[in-house]
Each structure stands twice: as structure tokens, then as C-alpha cells.
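Undergrad: Okay, handing you the structure first.
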């Protein structure tokens with residue numbers, strides 16, 4: 001090997017060693033810590049119907065495509081936090097009439113031969129329990145699965161919006177934070193009347 005190749009080899013090797021050491025330290029700290037390294041912003045408190053829905057989720061192998069309550073895959077939509085975005089009726093209608101409710105074609109839910117076509121043919125009581133389960137998977141404001149952005153101002157979000165949002169979108173769409181402020185003001189005004 002030439003001198004430049006040797007130097008490059010050693011630099012790459014050193015970076016790999018540093019990465020492995022950092023990963024090991026992070027795993028050890030995570031394992032030994034009583035408190036999680038990152039805040040857990042999704043939560044659930046299941047009612048009896050929600051627990052029945054969760055058992056259907058497990059029994060029908062929904063976790064082959066979806067992730068919920070810390071288990072499953074991310075092939076499909078991650079279900080944790082969806083209860084903060086939609087209500088019980090939306091979930092029931094989606095499970096019963098997926099493409100009609102969603103308003104577009106879906107990857108796996110819908111008419112056969114789609115993989116999850118069987119879901120819409122489950123008994124109504126099972127669909128209701130699954131809808132309750134999904135509606136009880138909540139996310140705190142500011143989590144990646146929540147409808148609402150973090151509370152307060154964020155220079156990071158403002159910078160990202162300024163850098164990456166096309167000018168045409170700024171005129172066409174309203175920032176959800178501004179919408180939430182105006183909605184909050186409307187709610188206060190309505191409460192006074």
C-alpha cells in the first residue's frame with residue numbers, strides 16, 4: 001500500500017473504533033439508567049374494549065406491517081400516537097371502508113387481493129374494538145406522531161421552514177402554529193359570549 005492509502009485506512013479504522021465505543025457507551029448508559037435517554041411522548045391507557053382491540057391486533061398479526069405499543073415492524077404506518085390525530089369514528093370507518101375513508105388507494109387495506117383485505121370483513125364488534133384500541137394510542141404535543149407541534153416558539157422549526165418551504169407554499173398554506181394560535185383566540189372569544 002502507498003502511504004496515502006495507509007493513512008486513509010487508519011483514519012477509517014479509527015472512525016469505526018470511535019463509533020463502536022460511542023455505541024457501546026450509549027447502550028450501557030441506556031441500560032443502566034432508570035430514566036429513558038429520550039422522552040417517551042406516546043402513551044396508552046386501554047379500556048376493556050381497547051384491550052380487546054389490542055388482542056385482535058396481536059392475534060391477526062397486524063404487527064407484521066404496523067408498529068404499536070413497542071412491538072411490530074415499520075413496513076406500514078406506525079400506530080403509536082394515531083389516537084391524537086383521529087377519532088374513534090374515523091378509525092372504525094377506515095377499518096370498514098379503508099380507501100373510501102382515506103380518500104385514496106392504500107397499500108394493503110381495501111378490496112382483495114390486498115394483504116389486509118380481511119380486516120374490513122371482521123365482525124363489527126371486532127372493528128369497533130380495534131378502532132377503540134387505535135383511538136387510545138395517544139401522543140403528547142410535540143412528539144413526531146402528534147398532530148400539534150411543540151408548545152412555544154422554535155427557532156429550529158422556523159429556520160427549517162424558511163430554508164425548505166417553497167415560496168409558493170408559504171402563500172398557499174398556513175403554518176399550523178399560527179392556525180392553533182388563532183383557534184385558541186377564537187375559543188377564548190367564544191367562551192366570553
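Undergrad: Assuming a ≥ b ≥ c are the square roots of the Cα gyration tensor eigenvalues, decide whether the chain counts as rounded (a/c under 1.5), prolate (otherwise, with a/b larger than b/c) or oblate.
TA: oblate
Undergrad: For the Cα atoms of the chain, what angle does the longest principal axis make with the long axis of helix 3-32, in degrees from 0 to 90, nearest 10?
TA: 50 degrees
Undergrad: Compute the acute angle (0 to 90°) between the alpha-carbon long axis of helix 48-59 and the principal axis of greatest extent of the alpha-carbon atoms of the chain; round to the nearest 10°.
TA: The two axes meet at around 60 degrees.
Undergrad: Between residue 27 and residue 121, what FRET efficiency follows from the Cβ-Cβ distance if R0 is 35 Å, with the result rounded to 0.05?
TA: Computed FRET efficiency for residue 27 and residue 121: 0.20.
Undergrad: So if each residue of separation counts as 0.36 nm, and I subtract the Cα-Cα distance between residue 5 and residue 46, what length gain in nm does that give?
TA: Contour length minus Cα-Cα distance gives 8.9 nm.
Undergrad: Find the relative contact order for segment 42-139 and round it to a whole percent, using C-alpha pairs within less than 8 Å whose residues are 6+ positions apart.
TA: Once normalised by length, the contact order is 42 percent.
Undergrad: Take the Cβ-Cβ distance between residue 100 and residue 158 as r, set R0 to 25 Å, and report the resulting FRET efficiency rounded to the nearest 0.05.
TA: Values: r = 38 Å, r/R0 = 1.52.
It comes out at approximately 0.10.
Undergrad: If you don't mind, there's one more thing I want to ask. Once you've got the GNM for the chain with C-alpha springs shorter than 10 Å, pick whichever of 75, 107, 160 has the biggest mean-square fluctuation.
TA: 160
Undergrad: For the chain, what does the relative contact order come out to in percent, with C-alpha contacts under 8 Å and a separation of six or more?
TA: 21 percent
Undergrad: Now for a different question. Suppose the chain between residue 179 and residue 107 were pulled fully straight at 0.36 nm per residue; how much longer would it get relative to their current alpha carbon spacing? Mind showing how you got there, number by number?
TA: Numbers: separation 72, 0.36 × 72 = 25.92 nm, distance 3.15 nm.
Extra length available between residue 179 and residue 107 comes to 22.8 nm.
Undergrad: While we're here: Under a crude label model (7 Å from the Cα following the beta-carbon direction), how far is residue 93 from residue 19 in nanometres?
TA: 4.7 nm
Undergrad: Under the rule of -39500 (n - 2.57) per DSSP H run of 4 or more residues, summed and divided by the residues of the chain, what mean residue ellipticity at 222 nm is obtained, to the nearest 500 deg cm²/dmol?
TA: Here the helix-only value at 222 nm equals -16500 deg cm²/dmol.
Undergrad: Residue separation times 0.36 nm, minus the C-alpha to C-alpha distance between residue 34 and residue 78: what's the value? Before the final figure, lay out each step's value.
TA: Details: separation 44, 0.36 × 44 = 15.84 nm, distance 2.61 nm.
Answer, rounded to one decimal: 13.2 nm.
Undergrad: Taking the 0 to 90 degree range and rounding to the nearest ten, how far is the long axis of helix 176-192 tilted relative to the main principal axis of the chain, both from C-alpha atoms?
TA: The angle comes out at about 40 degrees.
Bear in mind that the values in this text are calculations on the coordinates, not laboratory data. Since the model is a prediction, treat every value here as computed from it, not as a measurement. No Cβ is skipped: glycine too gets one built from the backbone with ideal geometry, and neighbour counts run over all protein chains shown.
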